[in-house]
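A.B. asks: This is the structure, below, for whatever I ask next.
The values are calculated or read from the model by the stated rules, or taken from the named source; none is laboratory data. Quantities reported herein were computed from a predicted structural model and do not represent experimental measurements. For neighbour counting, all protein chains shown are included, and Cβ atoms are generated from backbone atoms with ideal geometry for every residue, glycine included.
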Amino acid sequence: NCLFFVCIVMPYFAIYTFLPSILQKMGLSQGFGTELLLNLLLIVGALMGIWCTVKFSRRGFLINSFVILAVALFLLAVLPGSMAWLMVLTFGVFTLVLSAVSN
């Protein structure tokens, strides 16, 4: 149980520690609109996580979430800077799923 918690929390702190640099690389400014969008994704992700926890087995939900998070992190690492819209979409999926699985 502790290992799963560490695997959830480490990417969360790794990504959000460098959030200003990541947003700048994606071509987004750090402003009210960006912060509002990220917080909305976190809230929607938390609500989705509650629903998924009730609907699916905890094990299946956790494993599938880790797969999605791994794919999202891989895409964020290899996508070129010219594909900013895809980076933003991938980062949104990462934020949504990370918030859902941390419930």
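A.B. asks: What tally of residues in the stretch 11-31 results from selecting those that are in a helix (DSSP H, G or I) and under 15 Å from residue 76 (Cβ atoms)?
C.D. replies: Residues meeting the conditions: 12.
A.B. asks: Quick test of your reading of the structure: residue 8 fulfils all but one of (1) modelled with pLDDT of 90 or more; (2) within 11 Å of the chain's Cα centre (by Cα). Name the failing condition by number.
C.D. replies: (1)
A.B. asks: Kindly indicate whether any position in the stretch 32-41 is in a helix (DSSP H, G or I), closer than 17 Å to residue 89 by Cβ, among the charged types (D, E, K, R) and under 17 Å from the mean Cα position of the chain (by Cα).
C.D. replies: Scanning the stretch 32-41 turns up no residue that is in a helix (DSSP H, G or I), closer than 17 Å to residue 89 by Cβ, among the charged types (D, E, K, R) and under 17 Å from the mean Cα position of the chain (by Cα).
A.B. asks: Can you give me the number of residues within the stretch 43-56 that are crowded, with 16+ Cβ neighbours inside 10 Å and touching a Leu at 6+ places or on another chain (Cβ under 8 Å)?
C.D. replies: 2
A.B. asks: Quick one: count up the residues across the stretch 18-58 that are polar (S, T, N, Q), over 17 Å from residue 96 (Cα atoms) and at pLDDT 80 or above.
C.D. replies: 1
A.B. asks: Can I ask one more? Within the set of pairs 6+ apart or on separate chains, which have a first residue in the stretch 6-28 that is surrounded by 10 or more Cβ atoms within 10 Å (Cβ to Cβ), a second that is among the hydroxyl-bearing types (Ser, Thr, Tyr) and modelled with pLDDT under 80, and C-beta atoms under 6 Å apart?
C.D. replies: What qualifies is 28/34.
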